[in-house]
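Trainee: Pasting a structure here, questions to come.
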Amino acid sequence: MYMFRMCSILLIIIAYSSLSTAQEIDLYEPMYYQQAVEKGTRSRDGNPGPNYWQNQADYSIDVRLDTAAKKIHGKQHVTYYNQSPDTLNHLVLRLYQNMYKANARRNINLNPENIHEGVYLDTIVINDEGILFNDSVLTLRGTNLAIKLAKPLLPGENLQLQCAWSTPIPVEKEFRRIGYYKDNAWFIGYFYPQIAVYDDLNSFTSMKGWDFRLFHKGAQEFYNDFNNYEVTIEVPEGFYVWATGTLQNAEEVYKKPLYRKIQEARNSEKNVQLMGKNDLDKDMLKSNLWRYRADGVPDFAFGTAQNYLWDATSVSIGDKKVFTEVAYHPDAKLYPKVIDIARTSLQYASGKLPAIPYPYDHSITFNGNLGGGMEFPMIANNADTEDTTFLYTVTFHEIFHNYCPFMTGFNEKRYPFMDEGLTALFTGRYMRDVHDMDQYADRDRFGNLGNVMDVYEYYALQEDHQIINAYSSINQDNMFFQYYLKPAVAYELFMNMVGEQAFINAFHAFVERWKGKHPTPYDMFYTFNNVLGENYNWFWNAWFYQLGYPDLGLEFKQGELVVKRIGALPLPVKIEIAYNDGTTNTITRSMDEWKNGTKQIILELENEDEIKTIQLNTERIPDIDDHNHIIHVNR
Ligand SMILES: [Zn+2]
């Protein structure tokens with residue numbers, strides 16, 4: 001009897017839920033987001049709420065590179081402003097380089113020779129009081145260090161943090177954010193003790209409000225406040241420096257002839273070779289102290305080398321001139337092309353797609369990394385390559401990261417698909433429009449460098465994850481699928497459904513609302529719904545929150561063509577009909593035909609007796625099972 005009643009309740013629930021699929025879907029919202037809406041820091045129309053706030057810091061850093069000991073030493077003075085309505089009892093510092101400690105938890109492979117003792121903190125002084133290095137004051141979680149404040153930091157107040165530190169630099173050949181490359185070239189990123197983000201979203205963690213739980217294991221990227229930096233870099237005599245921001249003492253650093261050439265490049269739309277092969281043995285520097293300033297940026301990084309080639313130009317973006325530089329090893333054969341690729345990248349992103357002016361007045365491509373590229377504000381650290389396609393994609397991709405995540409301060413640690421997916425989408429468009437290379441059609445040419453249709457393989461390997469929390473299930477093998485390919489395909493299909501201009505309008509609104517802030521995926525999805533005037537939660541839900549593979553199938557009986565949605569993902573429908581007389585016809589259905597949970601679409605066909613074949617076109621639409629894609633009607 002009890003069992004029977006249970007069953008009937010179950011039946012009612014099933015009947016109700018199948019009814020409710022025809023209604024609008026709410027996206028799953030974690031509690032932190034619901035609370036943010038209640039507190040008025042976020043809103044479900046996608047705008048920042050009236051009570052939105054974020055914190056900020058001014059960094060003054062002196063850093064010295066010791067190439068002999070392969071170490072950097074630093075001293076810093078930071079003013080941290082608490083603009084939140086909360087009293088802060090802790091300050092959280094990120095010691096990224098502790099990722100290299102022997103017992104650190106990592107999600108990338110490290111060459112064992114790179115294991116080192118981590119960051120050495122000499123002193124920490126907060127508001128003129130030295131911090132005791134003991135367990136009652138310090139709590140370590142991976143690369144994050146929480147310091148219990150002797151005097152809590154009240155809303156609207158600031159604190160002064162001073163510290164002295166040093167850290168070894170990894171030297172062996174592997175991809176990384178900091179390192180020594182061949183012939184005395186160095187790239188220094190993720191290097192200084194950085195104050196973590198305190199935001200309105202981490203309300204339920206033990207270190208309430210602080211981005212404390214997720215630490216750097218190697219694969220994670222940025223989630224930083226927008227800060228001001230004054231950095232003095234000391235390098236050995238004869239080393240050139242390229243860095244985030246603006247060099248403040250150019251006349252003290254460069255000898256006159258080089259200084260004049262740089263001024264020429266700053267004002268020229270033509271490429272100027274600042275350092276050619278014949279200049280390498282010339283002494284063009286007067287000082288080894290380089291002073292930089294960068295305001296309102298999420299990070300600071302620099303590259304340095306002794307004998308690098310150096311090209312520069314100025315790219316006009318509206319009434320702004322972007323000083324564009326490329327610094328590279330003399331053996332990097334294709335690198336002389338990069339200055340033009342950087343120019344077309346800046347012009348395309350600023351003027352064509354997404355047609356938002358490049359946010360800074362400086363762009364540098366530094367050739368260090370041994371495979372791939374890595375972005376920092378205004379400066380990318382990219383590998384040498386003999387593959388022109390890769391050179392195009394990696395140059396554009398890393399420059400585009402100045403929009404996503406640096407203009408729109410995403411939490412890449414939790415939502416890496418936000419910046420990589422959008423960047424992959426726009427990289428694909430740049431390749432098609434500027435270089436006439438199609439990431440969908442040119443499978444061989446793109447290989448593993450971003451062939452969008454490689455999504456098939458990952459679905460088939462059962463590497464699918466819900467994109468919204470894929471950060472928790474990444475490894476080096478599936479990262480590319482989860483962060484880049486799957487979201488890029490989703491954005492492309494969404495763009496095709498709503499129209500390119502409508503998509504771009506919504507993207508502009510999103511960037512306008514959230515530039516210099518910290519948007520979550522909800523702020524992005526809700527902005528798209530709001531600006532496009534339609535609830536697309538069925539789409540966001542299916543592609544970003546649920547598991548599901550792409551699979552449509554055809555069935556043909558008595559003049560009716562049935563298109564079945566076999567996999568859960570909604571997809572656009574494109575069907576080619578071939579007739580016996582050699583003519584063809586194409587039937588298309590928009591992706592939103594599936595929005596109410598429909599499992600099949602029935603199409604009436606004309607001139608049925610004359611049809612030879614009916615075929616699903618999957619050239620640009622992923623579909624993992626092709627056995628039901630073609631029907632031979634009359635052979
Ligand atoms: Zn990227």
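Trainee: Can you list the HN-Hα couplings for the stretch 523-537, worked out from phi with the Karplus curve (6.51, -1.76, 1.60; θ = phi - 60°), rounded to whole Hz and with x for Gly and Pro?
Mentor: Here the 3J(HN,Hα) series is 5, 6, 4, 5, 5, 4, 4, 5, 6, 7, x, 8, 7, 9, 4 Hz.
Trainee: Sort out for me the Cα centre separation of the stretch 180-216 from the stretch 147-177, rounded to whole Å.
Mentor: Here the answer is 9 Å between Cα centres.
Trainee: In addition: Neighbour counts of other C-beta atoms within 10 Å: give me 128, 438, 464, 122 arranged from fewest to most.
Mentor: Fewest-to-most Cβ neighbours within 10 Å comes out as 128, 122, 438, 464.
Trainee: Excluding residue 86 itself, what net charge comes from residues whose Cβ is under 13 Å from its Cβ, given Lys and Arg +1 and Asp and Glu -1?
Mentor: -1
Trainee: Next question, about the same structure. Which ³J(HN,Hα) values in Hz, rounded to whole numbers, follow from the phi angles of the stretch 159-170 under the Karplus curve 6.51 cos²θ - 1.76 cosθ + 1.60, where θ = phi - 60° and Gly and Pro get x?
Mentor: 10, 10, 10, 10, 8, 10, 8, 8, 8, x, 10, x
Trainee: When the helix-only estimate is applied to the chain (DSSP H runs of n ≥ 4, each -39,500 (n - 2.57), divided by the residue count), what is the mean residue ellipticity at 222 nm, nearest 500 deg cm²/dmol?
Mentor: -7000 deg cm²/dmol
Trainee: Where does each of 435, 627 land when they are ranked from fewest to most other beta-carbon atoms within 10 angstrom?
Mentor: 627, 435
Trainee: How do 28, 81, 403 line up, fewest other C-beta atoms within 10 Å first? List each step's numbers first, then the result.
Mentor: Working: 28 14, 81 17, 403 23.
Starting with the residue having the fewest Cβ neighbours, the order is 28, 81, 403.
Trainee: Restricting to bridges with both residues inside the chain, how much of the DSSP beta-bridge set is antiparallel, in percent to the nearest 5?
Mentor: So the antiparallel bridges in the chain amount to around 85 percent.
Trainee: If you take the Cα Rg of the stretch 244-397 and divide it by 2.2 N^0.38 Å, with N the number of residues, what do you get?
Mentor: So the stretch 244-397 has a normalised radius of gyration of 1.00.
Trainee: Expressed as a rounded percentage, what relative contact order does the stretch 552-632 have, with Cα pairs under 8 Å and six or more residues apart? Could you put the intermediate results ahead of the total?
Mentor: Numbers: 139 pairs, mean separation 30.1, N = 81.
Over the stretch 552-632, the number comes to 37 percent.
Trainee: Now a separate question. What does the net charge come to around residue 565 if you take all other residues with beta carbon closer than 14 Å to its beta carbon, with K and R at +1 and D and E at -1?
Mentor: Values: positive: 564, 589, 595, 599; negative: 551, 555, 592, 593, 623, 625.
Net charge in that neighbourhood comes out at -2.
Trainee: If you look at just the Cα atoms of the stretch 552-591, how large are its Rg and its Dmax in Å?
Mentor: When restricted to the Cα atoms of the stretch 552-591, Rg and Dmax are 11.8, 37 Å.
Trainee: Can you tell me which lysines have their Cα less than 24 Å from the Cα of residue 574? Leave out same-chain residues fewer than eight positions away.
Mentor: Excluding near neighbours in sequence, the set is 486, 557, 564, 595, 599, 612.
Trainee: Beyond 15 Å, what share of the Cα-Cα pairs of the stretch 506-584 is found? Please give it as a whole percent.
Mentor: Summing the P(r) of the stretch 506-584 above 15 Å gives 70 percent of all pairs.
Trainee: I've got another one for you. Non-local amide H neighbours of residue 379 (under 5 Å, H modeled in plane, Pro and chain starts lacking H): which ones?
Mentor: 364
Trainee: Quick one: if you take sqrt(5λ) for each eigenvalue of the C-alpha gyration tensor of the stretch 107-190, what semi-axes come out, biggest first, whole angstrom?
Mentor: Values: eigenvalues 213, 42, 30 Å².
Semi-axis lengths for the stretch 107-190 are 33, 15, 12 Å.
Trainee: If I take all pairs of Cα atoms in the stretch 552-632, what percentage of them are more than 15 Å from each other? Working shown, then result.
Mentor: Details: 1726 of 3240 pairs.
Result for the distance tail: 53 percent.
Trainee: So which of 182/413; 261/320; 101/413; 173/282 end up more than 26 Å apart by C-alpha?
Mentor: Correct reply: 182/413; 173/282.
Trainee: Against the longest alpha carbon principal axis of the chain, how many degrees, from 0 to 90 and to the nearest 10, is the axis of helix 338-351 turned?
Mentor: 60 degrees
Trainee: First select every other residue whose beta carbon is under 11 angstrom from the beta carbon of residue 217; then total the charges, Lys and Arg +1, Asp and Glu -1.
Mentor: With Lys, Arg at +1 and Asp, Glu at -1, the neighbours total +3.
Trainee: How big is the stretch 286-353 by the Kirkwood estimate over distinct Cα pairs, in Å? List each step's numbers first, then the result.
Mentor: Values: mean 1/r = 0.0699 Å⁻¹.
Answer for the stretch 286-353: a Kirkwood hydrodynamic radius of 14.3 Å.
Trainee: Mind grabbing the base-10 log of I(q)/I(0) for the chain at q = 0.12 Å⁻¹? Debye formula, identical points on the C-alpha positions, no solvent, two decimal places.
Mentor: Debye output, listed in q order: -1.30.
Trainee: Could you give each residue of the stretch 210-220 its phi-based ³J(HN,Hα) in whole Hz, using Karplus coefficients 6.51, -1.76, 1.60 with θ = phi - 60°, and x for Gly or Pro?
Mentor: Karplus-based 3J(HN,Hα) across the stretch 210-220 equals 7, 7, 10, 5, 8, 10, 7, 10, x, 8, 5 Hz.
Read the figures in this text as sums done on the coordinates, not as results from a lab. Small disclaimer: the values here were computed from a predicted structure and weren't measured. Virtual Cβ from ideal backbone geometry, glycine too; neighbours counted across all protein chains shown.
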